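The values are calculated or read from the model by the stated rules, or taken from the named source; none is laboratory data. What you are looking at is a predicted structure, and each value in this text was computed from that prediction instead of being measured. Don't worry about glycine lacking a Cβ; one is built from the backbone with ideal geometry, like all the others, and counts go over all protein chains shown.
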Amino acid sequence: GGAVTLGPTPEPGFEMLQRLARLNPDGKGNEREALQALAGVYGLFRASGVAETRVGLTRMTSKDPAARFTGQARDLVMRDMRDGRIGLLAADDIEGRGDRGGDFRMARIELAGFDVAATTDALIAIAKEPARLESLNPAMVIPQLDRFALRDLVVTTPNPARRDDASATARVSINEVRIERAETKAQEARVVRWSSAIERLRWSSAKDDPRFEAQRAFGYENIDISWSMATEWRPAESEFALTEFALSGAGMGSASLKAKLGNVTEAIFTADRKVAALALLPVALKSTQLRLADAGLVDKYVAREAKKRKLKPAQVRQRLARELAEALKAPPEGPAAKQVAKALGDFLRDSKAALTLNATAEPGISAIDAVSAKPPTALWRRVKVETLRR
């Protein structure tokens with residue numbers, strides 16, 4: 001175990017409580033007041049030398065008339081808490097139930113490497129000198145987080161149309177949610193990686209549940225989707241890469257995107273707001289890759305539009321392709337936009353084969369380029385596009 005101590009606050013405790021009480025519920029016009037109040041809250045609680053604290057069965061009850069619920073967690077663990085940093089905060093076998101129906105359960109939730117020291121310092125500095133808020137870079141007050149994970153979440157909610165019928169509840173489940181950050185060195189150069197994922201987000205409901213009309217309009221009684229994203233930043237090379245952004249759905253299809261940016265310097269994350277804004281201007285998009293694969297969603301959308309427009313599905317596909325080509329009509333400066341429009345149009349006409357679009361621009365296209373190009377559509381001359389169907 002260890003001792004949990006109260007740290008110094010940027011203003012007397014009573015004044016801090018008064019500041020919190022003055023905040024308007026809608027949040028309008030409260031930015032400076034809210035930050036100063038948060039500074040007090042962040043600075044108030046500091047953990048000092050907690051090796052590990054473990055609590056067995058923990059029960060929670062809310063008597064708020066607007067949201068009464070009861071819940072419990074079997075095991076709650078806090079480990080390596082020291083000076084604003086939490087090594088691990090985790091809970092297992094969490095469950096709860098509301099008095100108006102509905103319940104939830106979760107196998108585990110954990111927070112690892114959560115560090116609010118930089119956030120605390122920044123907010124305390126603002127509380128002492130409010131003028132600093134004007135130049136504050138939002139990236140500098142984001143707490144550091146090494147890992148957040150949630151496993152086996154199941155939530156059921158009553159059907160508003162049949163609140164007393166237990167068989168008509170909607171069910172949402174998630175296999176796993178992950179958010180991770182890792183910093184390593186490759187040949188003495190720093191590499192910062194962020195990743196996140198949602199594995200198998202599923203929901204189902206009774207046919208008369210009004211909250212799920214949109215999915216049923218497309219012919220889906222149940223939804224099963226997964227999502228993932230991964231990025232990598234190499235400060236020494238000023239390069240930022242979206243190495244993975246993927247979304248897939250059972251009976252729907254998948255979409256993925258990759259991108260590479262140049263001129264991404266540390267000033268964007270560490271300098272004050274004005275300097276960071278200037279540092280964003282030369283950030284250049286160097287390459288992108290888009291992949292689309294249909295597993296039923298396009299067919300369902302076309303069938304829905306065909307019924308609505310009183311046309312045959314083939315006619316709808318032709319019209320959608322023409323509308324897209326018109327929206328992406330290429331300027332005379334280059335063929336890249338024409339290639340993109342044709343590839344997407346062909347995919348809409350026949351979505352059996354997956355489409356991959358690769359676009360590159362050397363040395364990249366930045367905000368400065370977009371502003372200075374006359375006309376802006378001339379930037380297409382610097383883009384090279386390759387398409388692949390298989």
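If you scan the range 125-163, which residues turn out to be closer than 30 Å to residue 211 by Cβ and at pLDDT 85 or above? Those that are closer than 30 Å to residue 211 by Cβ and at pLDDT 85 or above: 148, 149, 150, 151, 152, 153, 154, 155, 156.
Only one of 216, 200, 190 is within 23 Å of residue 143 (Cβ to Cβ) and surrounded by fewer than 15 Cβ atoms within 10 Å (Cβ to Cβ); which?
On the way: 216 fails: within 23 Å of residue 143 (Cβ to Cβ); 200 fails: within 23 Å of residue 143 (Cβ to Cβ).
After applying the criteria, what remains is 190.
Name the one entry in 352, 374 that is part of a loop (DSSP other than H, G, I, E, B), more than 19 Å from residue 262 (Cβ to Cβ), out of contact with any Phe, Trp or Tyr (no Cβ under 8 Å at 6 or more places or on another chain) and modelled with pLDDT of 90 or more.
Only one candidate qualifies: 352.
Residues in the range 122-142 that are buried (at least 16 other Cβ atoms within 10 Å of the Cβ) and within 30 Å of residue 90 (Cβ to Cβ): 122, 123, 124, 140, 141. The residues listed here are 284, 271; of these, the one that is modelled with pLDDT of 95 or more, over 18 Å from residue 344 (Cα atoms) and small (Gly, Ala, Ser) is 284. Among the residues of the range 253-265, write down those that are under 22 Å from the mean Cα position of the chain (by Cα) and farther than 30 Å from residue 299 by Cβ. If the condition is that a residue be under 22 Å from the mean Cα position of the chain (by Cα) and farther than 30 Å from residue 299 by Cβ, then 260, 261, 264 are the ones that fit. All of (1) under 30 Å from residue 132 (Cα atoms); (2) touching a residue at least 60 places away in the same chain (Cβ under 8 Å) hold for residue 220 with one exception: (1). For residue 243, the criteria (1) surrounded by fewer than 17 Cβ atoms within 10 Å (Cβ to Cβ); (2) out of contact with any Ser or Thr (no Cβ under 6 Å at 6 or more places or on another chain); (3) modelled with pLDDT under 95 hold in every case but one, which is (3).
Summed over the range 70-128, residues that are in contact with a Gly (Cβ under 9 Å, 6 or more places away or on another chain), touching a residue at least 24 places away in the same chain (Cβ under 8 Å), under 30 Å from residue 171 (Cα atoms) and among the acidic types (Asp, Glu) total 2.
Listed by first and then second residue, the pairs linking a residue in the range 188-217 that is among the β-branched types (Val, Ile, Thr) to a residue that is surrounded by 15 or more Cβ atoms within 10 Å (Cβ to Cβ) and outside any helix (DSSP H, G or I), with Cβ atoms under 6 Å apart and 6 or more places separating them unless they lie on different chains, are 191/234; 192/233; 198/177; 198/227.
Residue-wise test of (1) in contact (Cβ under 8 Å) with a residue 40 or more places away in the chain; (2) surrounded by fewer than 17 Cβ atoms within 10 Å (Cβ to Cβ).
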| position | (1), (2) |
| --- | --- |
| 267 | no, yes |
| 279 | no, no |
| 283 | yes, no |
| 310 | no, yes |
| 316 | no, no |
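Among the residues of the range 270-315, which ones are of a type in the set (A, V, I, L, M) and over 30 Å from residue 358 (Cβ atoms)? Of everything in the range 270-315, those that are of a type in the set (A, V, I, L, M) and over 30 Å from residue 358 (Cβ atoms) turn out to be 271, 275, 276, 277, 278, 303, 306, 311. When residue 250 is tested against (1) more than 23 Å from residue 298 (Cβ to Cβ); (2) in contact (Cβ under 8 Å) with a residue 24 or more places away in the chain; (3) surrounded by fewer than 17 Cβ atoms within 10 Å (Cβ to Cβ), only condition (1) is not met. When residue 290 is tested against the conditions (1) within 24 Å of the chain's Cα centre (by Cα); (2) surrounded by fewer than 18 Cβ atoms within 10 Å (Cβ to Cβ); (3) not polar (S, T, N, Q), the lone failure is (2).
Yes or no, residue by residue, for (1) basic (Lys, Arg); (2) surrounded by fewer than 17 Cβ atoms within 10 Å (Cβ to Cβ):
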position	(1), (2)
223	no, no
226	no, no
260	yes, no
264	no, no
273	yes, yes
